Structure formats: C-alpha cells, structure tokens
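These notes are about the structure you will find just below.
Each reported figure results from applying straightforward, stated rules to the coordinates on display, with no laboratory input. If you're wondering where the values come from, they're calculated on a predicted model, not measured in any experiment. Note: ideal-geometry Cβ built from the backbone for every residue, glycine included; neighbour counts use all protein chains shown.
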Amino acid sequence: MSAQPQEFSVSPNVSLACVELNRFRRFSRALVKIDKQTTVLVGANNSGKTSALVAIRNFLSAGQAFGAFDISLDQWPALRALGEEWDKLTEDPASAADDVAKWEGQLAALLTSMPTLDLWFDAKIGSYNLVAPFITSLDWDGGLVGVRLRLEPASSVETLQRLAWRYREARQPVKELSKEAQAWPVDLIDYWLRHAADLGSVLVYKLNPTQGPPADLPGGASQTLTPQAAPIDRTKLSQLIKVDFVAAQRGLGTEEADTRSASGTHKVGLFSNQLLKYARQHLNVATTGQSNQPELIEAIAKAQIELDARIKVALTSSIEDVKKLGYPTLHDPQDIHFRTRIQTGDLLDHSTAVQYRLDGQNAEDYLPEYAIGLGYQNLQSLSYQLVSFRDERLRPTKGSPAAVHLVLVEEPEAHLHVQVQRIFPRRACELIRPSAPEHAHLSSQLVISTHSSHLAHAEDFDRLRYVRRIPAAAKTMPSSDVIDLATAFGTDKETKTFAERYFRVQHTDLLFSDAAIFVEGSSERMLVPLFIERDFPELDKRYISFLDLGGRHAHRLRPLVERLGIPTVVITDIDPVELGKDSKGDAVRRAAAIVDPKLLECGNDTLNGWHPKKRELNLLAEPAETDQVWTDGNGGRVRFAWQAPIPKDGPWPASFEDSLILTNIDWFKSIDRNSRKKLLEGGLPPPKLIGSLRKVVDIVTANPDNRDLCRALHGMLRAKFPKAEFAATMFERISLGDTVACPAYIADSLTWLDKELATSKKASP
C-alpha cells in the first residue's frame, strides 16, 4: 500500500451526489446517494447490489451492451403489448401513409418502459466549462447539475417503424403457431434476446435541477423528458465523469514448482498480470512519442545497443550459411542488421519477473510470485489495479482528466483476508485519489458492494446503503430499492453511536440476512439455533442473523429494523418487577417471582417502549396476535416473544432458563429416576450429575408443587447460577438426542418466522 496522500484544502469542483436508477432489472426505481469518498452497498443475497453497479457501468462505459433481461419485469407486459400491435402490420409503415399520432404514442410508450440512469452532480461555479452542456439556465451559479442516460431502441417515429417491421418480419413465420410451441420469437422480449443490438444505444439528456433529484423515494417523482428533448453529445459526459469497474470474479492463476515443466509456458501470476498491464499502458514508449520517464528511456536504449551487438555475434555463422544459397544478390539488401525494440511491459511477461524477499532472508535470495500466499497476491493485484485506474484517469488520450472518477468494486472480500477487509475501503479510496496538489480539484469516489460484515462495518452508517428486497404483492413483480442508512437514526446520535459500535465489535451479519432474531442472552444464543436445526428444517436453510442484545437494548435498533424491513423476531424476558420503597422512602422496582401477576409490572424496556407497550403484567399472560406482532406500515413485521404461564393456568416463568425447565419438567425428573433405577438394578451407573444440571435436578425433585418450584427457580437464577454452563450442558444433551422441547413462547415465534419466510419465498420469481 502506498502512503496516505497529503490532504489539500482545495475541495473538488464537481462530485457525484446521487444516482437514480429506473426500470433496470429488480430496480423499478431506486435512489442511491453517493458519498464524496466511499459508498458501501450492503444487502442480502439476490437483492440487487451487483445490478446497481452493473447499471452504472453499462450506462457510463462506452461499448457495454444491454440485454432484454436488463429491462425490469414490470415493464414486460407493456412491451409485449407493443409487439402484439406490430404483429398486425400488413405493410412496411415506412413506405405507407400511416397515422403519425399512433406511432408517436407507441414511441412514448416504448421509451417510458426503457431503463434510465439519472446522475446528479454537485458542481461549483468554477466548473462551468465542464457542466455547460448540461445546465438548463443562463443564471446558473453553481449547485446541482442533472444528466439522464436512457436506453433507446428507437428515438424517432422513423426508427420505431423500422424496428416494428423487423420484428414483424421475424414473427411472420411463427405467427400462427401456438405459444406452447415456443418458436422464436414468442414476443418482443424474446426477439430482443436474440437481437440485442435492436435494443439500440444509450442517449444522454440534461435535466432541470429545479425539479430534482427527489429527496427520497418513493415520495418524489422523477422528471419526465418532453418529446422535444434533444440528446447531447456523449463525449461531453466523458469529460465530466470516468467510470472503472472491478468485478468480483478475477482470475486466480497460481503455480506450484512441482507442476510446471522447465520448457513449458508459465502462467503469469495475478500481480504480474496487473504490473504487466500497467507497464504496457504507462511505461512503453513509441518511437514518435514523448515520455515522462527519461531515465527509463536511456537505460532501455543502452540495453538495446548491447543486445543488438550480442545477437549479431550469436547469429553471424548461421547468416553466412544462408548466403551459400545465393542470397543476397546484387540488388538485394546487402546486410542484415539487428535492432531490437524493447517494450518495458514485455520485460515482465514471464512467470518469475516479479519476485519477493522475506524478512531475515539472504539479500540475494528471492522467491517467485507463485510461492507467496494467494491472499497477498490478490491484495497486491487489486491495489495495482486501482493505481492503474488512477494513472489512466490522469493521463487521458485527449483533453484533461475527467472531473469525477467513479470506481466500482464488486465484492472485494471474495479474495481478501479478514484483516485486509477491515481497512480496504479507506486504503482503496487513498489509492484512487491523486496525490499532487495540481489535481486537488478532481473528485475520486469509490462505490463498493459487499457481503462482508468486516468490510461493511469498517465504515460508519453514513456511508452504508442497504439494498432491500421488496416482496411481490398481488399481481406485481418482486423488486428492490435502496435505503440510505445515514438517516436511519434521525437526530438520535446516541443510538446511532451505540449501533455502530455494536456492529463493529460483534460483526453481525444483520445487513446481509433474510431475517433476524434478537435474543436475550448467551443461553438463547446457544440453544435457539439448535432448536431451529432440529425442529424447523426449512427455517434452517435461510440466512438468519442472531443478535444478542437483551431486552434493555433491543429497542435501540428499532429504527434500523424499520429501514431494513426484514422479518424479525425479538425473544426477550418479561422481567417482572414489584413496586416498593427503599429505606429513604423513594419508589423502587425490584425483580420478583411471578406469584400474583396483578401485583407486578413488566420491567422490560423493549416490551414497554416498542411493543406491545402494556406495563400491567397480567395483560401479557395470554397475548393476542396484535400484541405480539408489530408492523411498521411499510411491510416490515416484528414478532415479540416473552414467557407465558406453563400451562396456561400454571406457574409463570420469568426467564429462558426457568421456562426451559418448566417446559421439560418430566425430563429433568427422569434424569434422577433413571440414575436411581440403574443403581438398584446393579448396572453401570450413568454419568454423575454435576454442576448446574445437578443443582436444577435437586430443586425439581425437592419441589413437587410447580408454584413452589417457580419461586425456587427464581431464587436460584437470581443467585450465582452459571447460566452459560447450564446452556452448554443442555446443548450437549440435546445434541446427543435427549428429547428436550423448545419453550412454547420461542417455538411459536419460530413458527411465525418460518411462515413469513415461506410466504416471501413463494412471492420471489
């Protein structure tokens, strides 16, 4: 890694503020706010993180092709309807007197269904020369500048008519066949799958900054281009922004000494590939070109002269032998002269061009690249690729460097060690940023998509953008949108700081999961996943994030749960308390066993402050579904679970441990009975009961009345009872096959979550 570049007081003249993506794959409409340095896209599998990066790359990189599947599914019915209209054509509309208004309407319908990308730049007044082609007012004095890129299969009535006739000609041979025959093309989408070139090209338009961008979605409306809107020369946009893309799947060429032959070709290592590419782009010198590497040119020139002389000496004898055949004659060239043209990049084009020396190693001993760890090669390769992007941006073939450099990196953690993932966003941003003072006005912005909690939590929430899957409603297609987590906690800085620190320490995968389960403590954290594995096979297949927060803090993440919108279960303790007074006469709330619930209150902050907000304990004994399930109004649902009497008219536990014991009272009694029975039969005694399990069995056998047992368990748990050791013992017994039932309040919540995820799965395509 290079040293951190010096910071300059001069801020960039232009920076990309946000992008709005419409009708591209899963994104019917999404707004992505771009940080001035680093933006991190997070989200569950198949949410659309890669699609967002691919959309930006395809719209902004010349030569990138679009396909029919890049058009959102919700636009397919309208496009198929257009194809059905074109099926009815009986003659070429370009040569017939046809209804122009009808074709103008079809053109508008076609363009309304096409993917678009809106770019909104924050530009200073000093950048007028860069943004002049895109501003809409002569009074512009800095601020927002909007640009729309739209995929256009046709841009006029004439080009639309030609497209319609080509489609009609393709459909004619199969028009009378049934749809079951699936003969190509079935419809307009099917036609574009084979003729992607007929999807046209991307055209660039300017937008009115007074009408956008929308502050948030879906509240604000996107701008509508008028039919008279004229496209802008695309080269103007290339002077404003340059985009580079690093895909997740990169070649992983490694060599082992025992698998290569001495004479065979060797695969150049990953870092060598990047170094070779860099050398060819930035170090090779054409005979007519100028270079900023005079020392390198001089060294290569001297090497060329010496190499030419040595080649001539080595080949002279063979040349003299060739002359015996009568060549050269009087009119042929009389002598052969050797002039090599060494290209710097070619010097690195072999497997051992890049070598390493280890600490403490002899100064003359080097190891080849393939002998070094793959993770180190990947790190070096990715670093050099980013440096190459920077240098290529600063040395354009024409004109000045682009004002904005946007580098898109897809899932860099695929080939980086955890330690590197934690620092990658900051270091990568440094590598793409120019270090010279004369380039301080240029903007360099990094957008990363990731599945790594280590990488995501290296940044604060201000730079995280959550790509959220939206389940399909009735007769609609599933889609995705992008949530700005910078605003998730509003002005509550204390809660935001708590969440950032918790995520950074715990490295929770909440931002990448299908569902979340909040648990009260370590016992639930250990045993609930085991119950899921044993009793809920379908739920066990889903990506579930477990958060050990407890009832005192789970409500702090409510704003985040609302934003994520994933099904969530909060398993917490009911925390019964009795009201009293201390020695000074001040009111106090003391933890108490549940003997008479009418005299007690719920002391759990999450249940009191989030849901169901009922303090009287007796109101929580038999909760209705509305008491247990909270809905945020945007589709997000949270199911709350707390202890209830066992059975309904029986003793009321106050924690996970006593609930587990009361649920399995017969199992705990059987342990003691089986031990005594085996001893009486003269057989080998079972393993001796020790520790927490022995303590629980003793209390269970000493208190045959369940209400007395409930009070005894409360006293035991309030004393120095080793809950973690008890949970580990129960984990072992359950893993060995002992029939221990999951407490009903937890089992019911897991059943609810299983159904929620099954519903969302059916809604997915």
For D738, distant residues with modelled amide H under 5 Å away: none
Selected from A472, S435, H415, residue furthest toward positive end of dipole (the stretch 399-490; charges at beta carbon): A472
Reachable aspartates and glutamates from K496, criterion Cα separation under 19 angstrom, eight or more residues apart if same chain: D35, E459, D460, D462, D484, D509, D548, E562, D605
Ranked by how many other beta carbons lie within 10 Å on average, peptides 624-630, 138-144 from highest: 624-630, 138-144
Phi to ³J(HN,Hα) by Karplus 6.51 cos²θ - 1.76 cosθ + 1.60 over the stretch 609-619, Hz, x for Gly, Pro: x, 10, 6, x, 6, 10, 7, 5, 5, 5, 6
Ordering of 230-240, 457-467 by packing [mean C-beta count within 10 Å, highest first]: 457-467, 230-240
³J(HN,Hα), Karplus 6.51/-1.76/1.60, whole Hz, each residue of the stretch 235-247, x for Gly, Pro: 5, 5, 6, 5, 6, 8, 9, 10, 10, 10, 9, 10, 6
Where N is the number of residues in the stretch 1-148, Cα Rg divided by 2.2 N^0.38 Å: 1.41
Peptides ranked, highest mean first, by Cβ atoms within 10 Å: ranges 124-137, 176-189: 124-137, 176-189
Given K36/K124; K541/K755; K648/K723; K584/K720; K36/K242; K648/K720, the pairs whose alpha carbons are separated by over 20 Å: K648/K723; K584/K720; K648/K720
Amide hydrogen neighbours beyond the local backbone of I34, cut-off 5 Å, H modeled: C18, V19
Under Karplus coefficients 6.51, -1.76 and 1.60, residue-wise ³J(HN,Hα) of the stretch 102-118 in Hz, glycine/proline x: 4, 5, 5, x, 5, 5, 5, 5, 5, 5, 5, 8, 8, x, 9, 10, 9
Sequence-distant residues sharing a close amide H with D460 (under 5 Å, placed H): none
